[in-house]
Amino acid sequence: MNEKPKILIVDDLSQNLLALRKTLSGLDVEIIESTSGNEALILTLEHDFAIAVIDVQMPGMDGYELVELMRGNSKTKSVPIIFISAIYSDTYHLLRGADSGAVDFLAKPFIPEILLSKVQVFLDLYIQRMHVEYQKRMLQELVNELNAKNTELETEIQQRHEAQSALHESYDTLSRRAVQLEASSEVGQQVTSILNIDELLTTVVESIQKKFGYYYVGIWLMKERQENDNFIKVEAILKAGTGRDREQLLRIKYRLPMSITNNVIVHVCMTEQYFITADMHAEDQFILLDGLTKSRSRLVLPLKIGNQLIGVLDLHLDRVNAFSKEDEVILPILANQITIAIRNANLYQSRVYQK
C-alpha cells in the first residue's frame, strides 16, 4: 500500500516527454517514460500502471498498435489510456482511438490543466480500487488466521483450560474485525460508481447504518469563505443522516457555525483530528444536539483531501464503550474511501456544469 502509483508516458520526442513529465510532476506518482512502442510494451509487463499517456504517431509501432497489444494482455487490458496527437485529431482517428481501447484523446499542443484533470480522475479511481483490493487481501489474511486459531484452539483446549478464555477472546476479536473489514469493503465498492453527490451521501449513510447497526450515522460537509488567499471555515452542514429504521433524528441541512465551542462536530472540524468517547453523557466539554440524546458511544472522523478538510463522518451507538480498537483502525479506511468518492462526484458534477 506504500508504493506510489505508476504512470506510463510514451512519446518518441524527448521534448514531448519532458512536457508531459512537467505537467504531471505535482502528482504523488512514479512517472516512467518510453520513447518507442516496443520499449513501452516491455515496460507494461514489468510494472503495474495506473494510467498510460501515449503519443499516436511514432516510428515503428505507433500508439494504436501498442494499445491493441496491451488490450490483448490480461495484465494490461484494463489500464486507462489517453492518446495525444498533433495531427490525428479528426473524427476518423478519434473513432480509431476508441476502437483500439483508449478512454480519451487530446490534441497537441495539449492544455496542461485539462490533461492533469483527466489523469487525476483515473488516478483517484485506481487508488480507490487498490484500497478495495487491499481490504480483500486483509480479509483473506484474517480468515486464514481464524482458521489457524481454530486448529490451535482444538489442540490446546485439552491441555490447558486457562488458555481457552484467551483464545476465545482472540477469536472473537478477529471475527469482529473480519466482519468489519467485509462491511467496509462492501460499502466502499457500493459508492465507487455513484457520481451524484446527494445520492452518494444518502447511500453512504444508509449503507453504513445497515452494515454496522449504528444508532445514527451522519455526514457533515464544511462551508468556507475566501478572505484574500485564505479559506475561513464558516459552518458545518448536515448533508445526509439516518438512524435505525431510517429514522431522521436530525433534519437535513442542519447548520453548525464554527463559533459554537461545545459541539463535537465543530471541535473535529477545527482540530481536524478524530474524536472518540465511551459515553457522551460523561463529556462535560460537549453537549448533544436535540434528537441525539440517546447517543452514548461516539466516533467522529474527519474527511480530508490532502490537507483540506471537506467534512466529517459522525457515528453514534446507544450503548457505552461500544467502539473498539479495531474500529479506530478500520473506520478511518472507510472514511478515506468516502472522501475519495465525494471528490470524484464533485469533479464529475463540476465538469457537467462546465459543459
The simple spin-label model distance between E154 and D28, using points 7 Å out along Cα→Cβ, in nm, is 4.5
The helix 112-156 Cα axis meets the longest alpha-carbon principal axis of the chain at an angle in degrees, between 0 and 90 and rounded to 10, of 50
To the nearest 10 degrees, the tilt of helix 197-212 (Cα long axis) against the first principal axis of the alpha carbons of the chain is 50
For K304, counting only lysines whose alpha-carbon sits under 17 Å away and dropping same-chain residues fewer than eight positions off, the answer is K223, K233, K239
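Compactness ratio of region 203-355: Cα Rg over 2.2 N^0.38 Å, N = residue count?
Output field value: 1.04.
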Summing -39500 (n - 2.57) over every DSSP H run of at least 4 in the chain, dividing by its residue total and rounding to the nearest 500, the 222 nm mean residue ellipticity is -16500 deg cm²/dmol
Two pseudo-spin positions, 7 Å from Cα along C-beta at E3 and at D198, lie apart in nanometres by 4.3
Rounded to the nearest 10 degrees, the helix 37-46 long axis (Cα) sits at an angle to the longest Cα principal axis of the chain of 20
Expressed in angstrom and ordered largest first, the alpha-carbon extents of the chain along the principal axes are 71, 64, 32
Hits in region 205-245: amide N under 20 Å from the 7 Å Cα→Cβ extension of H281, namely 214-217, 244
The alpha-carbon center of region 1-67 and that of region 265-314 are separated, in whole Å, by 44
Cross-link reach from K77 to lysines, straight Cα distance under 28 Å and at least 8 residues apart if same chain, gives K4, K6, K22, K108, K118, K136
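Only the coordinates and a few stated rules stand behind these numbers; no lab work does. These numbers were taken from a predicted model, which means no experiment stands behind them. Virtual Cβ from ideal backbone geometry, glycine too; neighbours counted across all protein chains shown.
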